[in-house]
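Comments concern the structure below.
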Amino acid sequence: MSFARPQPVPRVPTPPQGDEVAAFSTYLEAQQAVDYLSDQKFPVQAVTIVGTDLKMVERVTGRLSYRRVAIAGAGSGAWFGLFVGLLLSLWGGGRAANGVVFIGIALGAGFGLLFSVLSYALTGGRRDFTSQSQIVATTYAILCAAESAGEARSLLRQSPNGLGKARAAAPAAPSAPTGPYGAPAPTPTPTRAPDPRWTTPTGEPRYGAMLPTPQDPAPTAPTPPAQPPAPQAPPTPPTSGDQPSVTPPQDPYAPPQDPRQQR
């Protein structure tokens, strides 16, 4: 019968190694999974529980007042006085031992009450509540060595909790297009319009023309000349029959006319 030697804990912070075989929402589920592996005679020294997305949670347990502070201080001081009294009673007689114990309890309770009340008074009421803090993880993953990950995963599938919740897979990167036999596909070369200096309108090369060089710029289409505006027809003079009658304006300084002359 051989016992596996546990792996030493690294002295410096080291990232965990291994393949993830299961993930759970609570630490109790992860603990039960590792306990199940241990019951199945699996080498659990190759297993690591890793908590991800850590959060610090502080749970408030109650309100703090002078009364509660005094009771808590007196209780803790009495326990310390009892311990000191029992130590001193070992070197005394029967009656002296009882007296030493009671004196130790009384002195311890008094000093504990005094120190706790003074400490609370010095805070100035900035923290009038009691609480408990703990670190909580969102997901507890179980990592296992690569050579034993398959066996651990198959055993956990038969456990009451199974493999836990499914982890979100990372999005796969878009794969590059491949040609035949898995070779990368060639990048298509952009096509250029044929140059009329070297090719005919049908696309055939012109005989006797020099080949284009990279320094020769491509010709640009000539800009058509601007057309002059169309001449306008001269205005047609009005005829005598179409001329409107114009009434001459009256002179405001002319003398008034006799109505009998107008008849």
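The values are calculated or read from the model by the stated rules, or taken from the named source; none is laboratory data. If you're wondering where the values come from, they're calculated on a predicted model, not measured in any experiment. FYI the Cβ positions are ideal-geometry reconstructions off the backbone, even for glycines, and counts take in every protein chain you see. Surface areas here come from the heavy atoms of the whole protein model, side chains and all, with no ligands, DNA or RNA. Shrake-Rupley method; radii C 1.70, N 1.55, O 1.52, S 1.80 Å.
Quick notes on this structure:
- Carbon-plus-sulfur accessible fraction, the range 18-82 (probe radius 1.4 Å, protein heavy atoms only): 56%.
- Inter-probe distance in nm under a simple model that places probes 7 Å from Cα toward Cβ, at Thr61 and Thr26: 2.1
- Taking all protein chains together and rolling a 1.4 Å probe, Tyr66 ends up with roughly 130 Å² accessible.
- Rounded, prolate or oblate (a/c below 1.5 giving rounded, otherwise prolate when a/b exceeds b/c) for the range 22-134 by Cα gyration tensor: oblate
- Between the amide H of Thr199 and those of Arg206, distances stay under 5 Å, these residues lying 5 or more places away or on another chain, with hydrogens modeled in the peptide plane.
- Solvent-accessible surface ranking, highest first, for Lys41, Lys165 at 1.4 angstrom: Lys41, Lys165
- With a 1.4 Å probe rolled over the protein heavy atoms of all chains, the accessible area of Ile103, Ile49 falls in the order Ile103, Ile49, largest first.
- Database remark: amide H of Thr139 closer than 5 angstrom to the amide H of Thr52 (H placed geometrically; neighbours at sequence offset of 5 or more, or on other chains; Pro and chain starts carry no H).
- Computed accessible area, Glu147, all protein chains, 1.4 angstrom probe, square angstrom: 150
- Note on Leu86 and Val50: the extension gain reaches 8.4 nm, defined as 0.36 nm multiplied by sequence separation minus the Cα-Cα distance.
- 3J(HN,Hα) from dihedral phi, the range 42-49, Karplus parametrisation 6.51/-1.76/1.60, rounded to Hz, x for glycine, proline: 7, x, 6, 5, 9, 10, 9, 9
- Working note: Karplus 6.51/-1.76/1.60 with θ = phi - 60° gives the range 62-68 the couplings x, 8, 9, 9, 4, 5, 5 Hz, where Gly and Pro are set to x.
- ³J(HN,Hα) computed for each position of the range 51-61 - Karplus, 6.51 cos²θ - 1.76 cosθ + 1.60, integer Hz, glycine/proline x: x, 10, 6, 6, 9, 8, 10, 10, 9, 7, 9
- Potential lengthening of the chain between Glu151 and Thr199 amounts to 10.1 nm, from the contour at 0.36 nm per residue minus the alpha-carbon distance.
- Accessible-area ranking of Trp79, Trp91, largest first, probe 1.4 Å: Trp91, Trp79
- Shown is the FRET efficiency for Ser131 and Ala72, computed with R0 = 22 Å from the Cβ-Cβ distance and rounded to the nearest 0.05: 0.90.
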